[in-house]
Structure formats: structure tokens, C-alpha cells
Amino acid sequence: DESPVPRRPQKVESQMTVRRVARKSKTGRGHPTKEDKDEFNKGLKQAAAGNMTLQMLYFYKYLLKHGEDDGKDKDKDFFFYIESLKFKECSQPYADEELLRRKVQSILDCFLESAITPTLQIDISSACCEKTLKAAQKYLAGKEVVPSIFDEAMVQVYPDLLGYWAGFKKTFTPPEDPNKRPITKYQKLLKSRLEKIDGFQLPSQVFPLPAIPEGAIQAYSFSLADGVKWRDDGEKFKELSNSEAGSIMGSPTGEHSDVTTAVSMRRPSIVGTRESTRSKKQKTNTRLQLPGIQPTTAGESIAASGL
């Protein structure tokens, strides 16, 4: 009789399937229809023309929420696609070439070569990024002035955006007020910062120093976190005496006698250096003797020459 087939791999496979289904249920994507695709393309073209509809604004807020849940910055893919489409639509024979070059450079600085980490801000492959950068550099140099330099990157970010659009359409309910615009988390953050700036109260111009604690070094420090405080005799200053700490950090009493003493204590080493230099000069004052010439010293030769 044949031994029964172990079912453990099937159990593991079923568990993995359940995990995939659970992970998929958390995402904000859906299966797009032809109507979803046509409507999404129409909204993208309107946004590229400078007229972002209210529905696209709510979709942007939707991307911020669900893109963050999925661990992806899909809102950046969204704006990259709009800006690239805007560049492509503006690439006409009568367009301003300098303005188009500045547009290409701004897309590079924001999405492909960002000064903010990570350098690549959109979800495309490294090979696609390298190819797009080369095409953009040729465009900026005037070698290959074509409007299709971002096409491959646009193709890579489009499917995910369309999937999120399909998920958004299933849950979106238009607001009762057609003029009510959504407020994103970034706008809330900026609003709270502005309120803190507007409500800021100027501190008093008199800053009394705290009392000197017993056993503390007569040196003070200042930081935005702690303000003005006396520096403790911590591990960093164990080897420093009070006079050295005052000369380094600044003494509130304004006394500098210790500094003068420290300089005077170092003078013997300077004097010793000068004496050693003089001894070297005396050693070099040897007699010069050449065939047929009376031997003289270096000093006598200089005196005889009148220098």
C-alpha cells in the first residue's frame, strides 16, 4: 500500500493564501473597469491643464491614507504623473524651450534626484530611473529634444494609481457642499504650525542667570532645549581645572588672571627653543677652508663682504 501523502505543505500553502487575502483586504486598491480608466484619464488631463477637480482632490487624500497603510508614497507617484503629463502636453513646436527645460529640471529635482532622502521619490525600477535620467540629461543638453523622456516611468506608476482609483470610486461619496475641499494631514500640520507662530509671545528681554550651585565649575552653557545653565563638573570636564574651564567656556566674572598665568607657565619652553636655535647657529659657525684660500669663518666672510 502506498503511504498517505503528507498534507502539511497544503496547510502551509493554505495559510499563506489566507495571509495574502488578509493583506489584500487591507489595501485600498480595487479592480478597475473601463469606465474607471476613462474617468481617471480624463481627471488626469484636467489636472495637467491646471484644473484639478474636487473628485481628484479627494482621491489625493485617499492616496495619502491608503498609500501610507501599504507602505508606499503613492501621492508622489500621482503628482509625478500629472507633472510629466503637463510637460508632455506643453511640448509643442511653438512652446518656450527654456521653460520646458526648467520643467524637466524641476521634475528631476522633485522625483528622480531629490535632495531629500530617498533620492528616488517614486515607485519605479532602478533601471527605469537610470534610463529616464539619461534621457533627461540629453534633453537638457539639447541633444535629443523629445517629449517622451518620462513615458516609461509614467507607464510603471500608472497601474497602481488606477487600482487605487478603482478602490476610491467604490467608497467615495460626494460631499453635500460642492465647494467643500478636503483637508489633508499636511494641511492640518501646516495649520497647527501657523497657529503656533501667530500665538507666539516674545519673551522678556531680561534673562537672569541661575544661582551657582555648590561645587560647580564657573562656566555656563546655552541651548534651545535647556536655556542658560551652569555647567556641572561632569565626565567631560574632569581633567580640566577651574581656570582652564573658564578660558574655554567663558567665565561670568570676567577674570583672566589665570589665563595669563597659564601663558607665562608655557614661556620656559619657548625660551628653551630659542636657546637650542642659538646653539645650532653657533655650531654652523665653522671655519671654511678651500685650496689656495686662507681659512676664515662664516661670520668673517660676511663682515669682509660688507653685508
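Starting from the range 14-43, keep only residues that are open to solvent by less than 90 Å² (accessible area, probe 1.4 Å), then list their pairs with residues that are outside any helix (DSSP H, G or I) and modelled with pLDDT of 75 or more whose Cβ atoms are within a distance under 7 Å, requiring at least 6 positions of separation or different chains.
Here the result reads T27/D70; G43/T53, each pair linking the range 14-43 to a residue that is outside any helix (DSSP H, G or I) and modelled with pLDDT of 75 or more.
Name, by its number, the condition in (1) without any contact (Cβ under 8 Å) to a residue 24 or more places away in the chain; (2) open to solvent by 80 Å² or more (accessible area, probe 1.4 Å); (3) under 19 Å from Y186 (Cβ atoms) that does not hold for S114.
Of (1) without any contact (Cβ under 8 Å) to a residue 24 or more places away in the chain; (2) open to solvent by 80 Å² or more (accessible area, probe 1.4 Å); (3) under 19 Å from Y186 (Cβ atoms), only one is false for S114: (2).
So, G71, is that one open to solvent by less than 30 Å² (accessible area, probe 1.4 Å) and of a type in the set (G, A, S) or not? Please lay out each step first, then the result.
Numbers: open to solvent by less than 30 Å² (accessible area, probe 1.4 Å): no; of a type in the set (G, A, S): yes.
Judged against the criteria, G71 is not a match.
Out of all the residues in the range 71-119, which are over 20 Å from the mean Cα position of the chain (by Cα) and hydroxyl-bearing (S, T, Y)?
Once the filter is applied, which keeps residues that are over 20 Å from the mean Cα position of the chain (by Cα) and hydroxyl-bearing (S, T, Y), the range 71-119 yields Y81, S84, S91, Y94.
Against the definition (modelled with pLDDT of 90 or more and assigned to a helix (DSSP H, G or I)), how does G67 come out, yes or no?
On the way: modelled with pLDDT of 90 or more: no; assigned to a helix (DSSP H, G or I): yes.
It is false that G67 is modelled with pLDDT of 90 or more and assigned to a helix (DSSP H, G or I).
Filter the range 84-111 down to the residues that are free of Cβ contacts under 8 Å to residues at least 40 places away in the same chain and buried (at least 16 other Cβ atoms within 10 Å of the Cβ) and list them by number. Give the steps one after another, and end with the answer.
As a first pass, look at the range 84-111 and keep what is free of Cβ contacts under 8 Å to residues at least 40 places away in the same chain: 86, 90, 92-96, 98-103, 105-106, 108-111.
Scanning the range 84-111 gives K86, L100, R101, K103, L108, C110, F111.
Please enumerate the residues belonging to the range 170-212 that are hydrophobic (A, V, I, L, M, F, W, C) and closer than 30 Å to E39 by Cβ. Even if it seems obvious, please write down each step before you answer.
The initial filter retains those residues of the range 170-212 that are hydrophobic (A, V, I, L, M, F, W, C), namely 172, 183, 189-190, 194, 197, 200, 202, 206-207, 209, 211-212.
Within the range 170-212, F172, I183 meet the criteria.
In the range 118-132, how many are in a helix (DSSP H, G or I) and open to solvent by less than 50 Å² (accessible area, probe 1.4 Å)? Break it down into steps so the answer makes sense when it comes.
Narrowing the range 118-132 to residues in a helix (DSSP H, G or I): 126-132.
Cutting the leftovers down to open to solvent by less than 50 Å² (accessible area, probe 1.4 Å) gives us 128-129, 132.
Number of matching residues: 3.
Considering every residue within the range 187-201, establish whether at least one is surrounded by 12 or more Cβ atoms within 10 Å (Cβ to Cβ) and over 27 Å from the mean Cα position of the chain (by Cα).
no
Restrict the check to the range 145-156 and report whether at least one residue is small (G, A, S), in contact (Cβ under 8 Å) with a residue 40 or more places away in the chain and not in a helix (DSSP H, G or I).
Filtering the range 145-156 down to residues small (G, A, S) leaves 148, 153.
Add one more test, that the residue is in contact (Cβ under 8 Å) with a residue 40 or more places away in the chain, and what stays is 148, 153.
In the following step, the residues that additionally are not in a helix (DSSP H, G or I) were identified as 148.
Checked the range 145-156: at least one residue is small (G, A, S), in contact (Cβ under 8 Å) with a residue 40 or more places away in the chain and not in a helix (DSSP H, G or I).
Quickly run through the range 147-172 and pick out the residues that are open to solvent by less than 60 Å² (accessible area, probe 1.4 Å), out of contact with any Gly (no Cβ under 9 Å at 6 or more places or on another chain) and aliphatic (A, V, I, L, M).
I149, A153, M154, V157, L161, L162
Condition check: under 29 Å from N179 (Cα atoms), among the aromatic types (F, W, Y) and open to solvent by less than 30 Å² (accessible area, probe 1.4 Å). Does F79 satisfy that?
Numbers: under 29 Å from N179 (Cα atoms): yes; among the aromatic types (F, W, Y): yes; open to solvent by less than 30 Å² (accessible area, probe 1.4 Å): no.
Spelling it out, it is not the case that F79 is under 29 Å from N179 (Cα atoms), among the aromatic types (F, W, Y) and open to solvent by less than 30 Å² (accessible area, probe 1.4 Å).
Any chance you could count how many residues in the range 133-144 are in a helix (DSSP H, G or I) and among the charged types (D, E, K, R)?
Looking only at the range 133-144, we keep the residues that are in a helix (DSSP H, G or I), and these are 133-140.
Now narrow it down to the ones that are among the charged types (D, E, K, R): 134, 138.
Result for the range 133-144: 2.
The values are calculated or read from the model by the stated rules, or taken from the named source; none is laboratory data. Computed from a predicted structure; not experimentally measured. A quick note on method: Cβ atoms are made from the backbone with ideal geometry, for glycine too, and the neighbour counts reach across all protein chains shown. What goes into the accessible areas is simple: the full protein's heavy atoms, side chains included, and nothing from ligands, DNA or RNA. Shrake-Rupley method; radii C 1.70, N 1.55, O 1.52, S 1.80 Å.
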